[in-house]
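Below you'll find the structure, written out as structure tokens, and then a few comments.
Values in this text are rule-based calculations from the coordinates and carry no lab data. All figures in this text were calculated on a predicted structure; none of them were measured in a lab. Here the Cβ positions follow ideal geometry from the backbone for every residue, glycine too, while neighbour counts run over all protein chains shown.
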Amino acid sequence: MWKWHAGERSASQHQNDVAMAIAAVANAAAIFITDTFTSIESAVAVFYVIIMLLAADFLSRDGIVASALVCALLSTVSFLVLHGGQGDLGSAVRLVGSLSALGVTTALLFRRETNRQALLASHTTTRLSEDRYRSIFQRSPVALWEQDVTGLKSVLDRLKADGVTDIEAYMQAHPQFLEACTHAIRSVAINDAMADMLGHDHDADVTGPIARLIPHDCPALAGFIKAAFEGQRRSESKGRIRDAQGRVKIVLMTVEFPEQEADLDRTVVGLIDISRQEGAQVTMMAAQSELARASRASAVGALSASVAHELSQPLGALLANAQACLRWLRRVPPDMPAANKAAERMLRDGIRASEIVKTTKSMLSRSPLALGAIELVPLVEETRALLEFELIRHRVTLYVFAEGDVSDVVAARSELQQVLINLVTNAIQAIEEAASLERHVVIRVANHEKGLVSLTVRDTGPGISVDCIEKIFTPYYTTKAVGMGMGLAICKSTVEAQGGQLTARNHEVSGAVFELLLPAVPSPDLRRSYDVRATRGELQ
Amino acid sequence: MKSNCMIAIVDDDLAIQEAMGDVLRSYGFRSLGFSSAEEFLASGDRKAFDCILLDVKMPGLSGLQLLELLRRERDPSTIIFMTSHQEPNIRKTALAGGARAFLGKPVDLDLLVTLIEETFSDR
């Protein structure tokens, strides 16, 4: 009958309940006596309702029903005692009225108690669910991080109100914004797996702004903010995080923002440590870059070695003939016919040597080319992938723009790739040497007039000096301390062999621009005759 | 006597044969050119040659192989290599095989003539 279970009420509250119970019983007795033994005509029994209201505080549902029955009984007994069997209509109505009031009140109190029980049950369910979540969160083998991003949301809402629509542009224009954001997002909890990953104890306190753990140049940060700004649900990217020793680890971060705004304080971010894979990736890219460099060097090296060898023959003969000629001339008397013959042989040997040189030059552009239809943008992206290590190492950003629907070109894939690698590597080196603050290379691809496609490589280096610009494509010309200076000369011949052109100029703002013009694949209904040079290879 | 000295020039490059031949003639040496090791071996009187100027890389039998062959026959001729292949391994093999000298191309003619004259002064 008692509403409260053991332990639900404190000692003083329990004493109050007991006092109330006693008071209720006393009042009930008083009402009964008044009703039965006095001649007060009003519906005294209605006052039983007050008892019920008081008693509901400490009675269970069964108790409420029982008390109601008792009060009803008392009222009825009073009536019978007072009026015997001959009650008049007035008193009968008064009894019915009292009983009705009692009934209605009891029903309402009963329902109130039922609702209270239901609410308690629902609270218990919620709490159990919360415990389960906590347990799963804490014990998950994946590193999980609970964050409160409400601060970030208000910052972004403010920006939107100020009229900012392109958050990426805003972030680029305000470099300190990212760091400010790491102070707006708060760390709520980390699970055991994440504590292990960071080298913290399981119960270490990592609450506070995430700036403690996330360096402001973390690559995942911009993506995270952009997703939050644009209302995207998910964001996933590589990021950097500081561990307990302050070392930076590479991790893969994924976040799914909660649906309800009210839950933003419980945003969960999953992390996977990919430091080792990144290390392997860096090593692999370094190896690829080295391979690309070595294969270029070896090709040029092999060519040089064979040319040197071939030239030594006629030069040897030339020297011997010159020596002989001199000896014939110095004889006493000089042997003129012999000297003549020697001189003629010298001429012949000299011509032979120059033929070798000519052949070499054309050999650079005459190695069999497998021509095909090449899509430029994917090729440029491949070049970017091959040179990613170099780009990251020298902190140079590569931008690729395609203007409109660019045609495919007729070219030899690997040779063109070599040219691109050469041009971009030169661009990176120029930027590095000039120690420019602005460090980017921009590749633009666009349709050009006369059935050509233009690909320009622009750097933010020092540009090409006026006296160099003439000689830049000549063999053996270089301003670098290391290198033979063959790169651009070979590039130019390679491009020309494919029916294209390679030129260099300075950009109007800063840096140099190298422009590659390549023949576009002709549209099927427009047959045109190719340049003779382009058909020297085999059209696949 | 110098006019008795016969030198064989074995080199697949005709220009070298002619040039070397003429230089040696200006020093008073007689010489004969062969375009391959086989041609030299097929020639009649090999004993007549006191000195052989030899290239390393030739079609067919290489200079080193010819050297080995001659040594097995106990041919006493002086063998001097002239080559544009300057690999140390080849040089070692040649000298170990009994070559008098291993010269690189273009040949240092003063040195060559000195070597040849040394050969003939020994006879």
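So the values come out like this:
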read-out	value
Cβ-based exposure ranking for A:247, A:345, in which fewest neighbours within 10 Å come first	A:247, A:345
Whole-Å distance, taken between Cα centres, linking the range B:18-40 and the range A:43-107	147 Å
For the range B:64-123, convex hull volume per residue from C-alpha positions, Å³	72 Å³
Pairwise label distance in nanometres, residue B:42 with residue A:242, each label 7 Å out on the Cα-Cβ vector	8.5 nm
Chain A - mean residue ellipticity at 222 nm from DSSP helices (-39,500 (n - 2.57) per run, n ≥ 4, rounded to 500)	-19000 deg cm²/dmol
Leading residue at positive end of dipole, chain A (Cβ point charges), from A:503, A:71, A:213	A:503
Within the range A:173-320: Cβ-based charge dipole about Cα centre, in debye rounded to nearest 20 (Lys, Arg +1; Asp, Glu -1)	640 debye
Placed amide H near residue B:9: partners under 5 Å, 5+ positions off or other chain	B:32, B:33, B:34, B:53
Unit charges at the beta carbon, dipole of the range A:169-240: most positive-side option, A:185, A:237, A:169	A:169
Cα principal axis extents for the range B:1-45, largest first, Å	29, 24, 8
Check: the range A:33-192 dipole with +1 on Lys, Arg Cβ and -1 on Asp, Glu Cβ, in debye	280 debye
Computed over chain B: relative contact order in percent, which uses C-alpha pairs under 8 Å that are six or more apart	22 percent
For residues of B:11-19, the mean tally of beta carbons on other chains within 10 Å	6
The range A:216-325: mean projected area of Cα convex hull, nm²	13.2 nm²
Calculated P(r) tail over 23 Å for the range A:149-280, as whole % of Cα pairs	30 percent
Length gained when the stretch residue A:66-residue A:402 is fully extended (0.36 nm per residue, less Cα-Cα span)	112.4 nm
Theoretical FRET efficiency, 1/(1+(r/R0)^6), r = Cβ-Cβ of residue A:169 and residue A:202, R0 30 Å, to 0.05	0.10
Spatially proximal lysines relative to residue A:450 (Cα-Cα < 17 Å; intrachain offsets below 8 disregarded)	none
Positive-end extreme of charge dipole, the protein assembly as shown - chosen from A:398, A:378, B:69 (charges on Cβ)	B:69
Ranked list, fewest to most other Cβ atoms within 10 Å of each Cβ, for A:110, A:401	A:401, A:110
Taking all pairs of distinct alpha-carbon atoms in the range A:381-524, Kirkwood radius in angstrom	15.6 Å
Per-pair calculated FRET efficiency, R0 = 22 Å: residue A:277 and residue A:395 via Cβ, rounded to 0.05	0.50
Gyration tensor over alpha-carbon atoms, chain B, equivalent ellipsoid semi-axes in Å	19, 16, 15
Distance between the range A:245-280 and the range B:70-123 - C-alpha centres, whole angstrom	74 Å
Computed label-point distance, nm, for sites residue B:108 and residue A:465 using a 7 Å Cα→Cβ extension	4.0 nm
Reduced Cα scattering model of chain A, Debye log10 I(q)/I(0), q = 0.05, 0.07, 0.09 Å⁻¹	-0.50, -0.70, -0.91
Chain A - charge dipole about Cα centre, Lys and Arg +1 at Cβ, Asp and Glu -1, debye rounded to 20	2360 debye
Shielding of B:26-34 by partner chains, average beta-carbon count, 10 Å	2
Per-pair calculated FRET efficiency, R0 = 56 Å: residue A:212 and residue A:110 via Cβ, rounded to 0.05	0.50
Average beta-carbon neighbours from other chains, 10 Å sphere, peptide A:423-429	0
Helix-derived mean residue ellipticity, 222 nm - over chain B, DSSP H n ≥ 4, -39500 (n - 2.57), to 500	-12500 deg cm²/dmol
Size-normalised alpha-carbon gyration radius of the range A:77-131, reference 2.2 N^0.38 Å	2.08
